[in-house]
Amino acid sequence: MKYVIMFTSTPELDAAVPDERRQEVYGRIYEWFQTNSAQISDGGAELMPLSTATTVKYGPDGPVVVDGPFSEAKEVIGGFSVLDVPDLDAAITLVKTWPSMEFPGIAIEIRPMVTDYSQFE
């Protein structure tokens, strides 16, 4: 089954992590992707900082473009990947090994992907 995992963090807490520590964990993240490559069907992407976000939302006169994210959440999505694993338990087991989970404010949202659109017909 395919799951999208979205890596979320809290920018204020991210800023408090020393650069040396952040670089060490980035190295472990690279290793994580290599170690788990058989279960990752799409490596996804790391996203640029929140300050670069643009949102298109519906306004009274149609679509409106606004700077920044539209979400009111304190957490932001920093990237995503697609897993191909047998079930949710396998996805959870894999996600628990994400190297930066040791930092405050880090979370990973796991959501099943729609792969069979015939269910909507």
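No lab work stands behind these numbers, since they all come straight from the coordinates. As the structure is a prediction and not an experimental result, all values here were calculated from the model. We place every Cβ from the backbone using ideal geometry, glycine too, and count neighbours over all the protein chains shown.
A few remarks follow.
- Hits in segment 100-116 - residues which are closer than 16 Å to Gly27 by Cβ and buried (at least 17 other Cβ atoms within 10 Å of the Cβ): Ser100
- Yes/no for Gln23 being farther than 19 Å from Ile108 by Cβ, more than 17 Å from the chain's Cα centre (by Cα) and free of Cβ contacts under 8 Å to residues at least 60 places away in the same chain: yes
- Here Ala90 fulfils each of the conditions (1) surrounded by 12 or more Cβ atoms within 10 Å (Cβ to Cβ); (2) under 13 Å from the mean Cα position of the chain (by Cα) apart from (2).
- Residues satisfying the stated conditions in segment 1-15, i.e. surrounded by 12 or more Cβ atoms within 10 Å (Cβ to Cβ) and not in a strand (DSSP E or B): Met1, Thr10, Pro11, Leu13, Asp14
- Residues of segment 33-58 that turn out to be part of a strand (DSSP E or B) and aliphatic (A, V, I, L, M), as a count: 3
- Residue match in segment 103-121 (condition: among the acidic types (Asp, Glu) and assigned to a helix (DSSP H, G or I)): no
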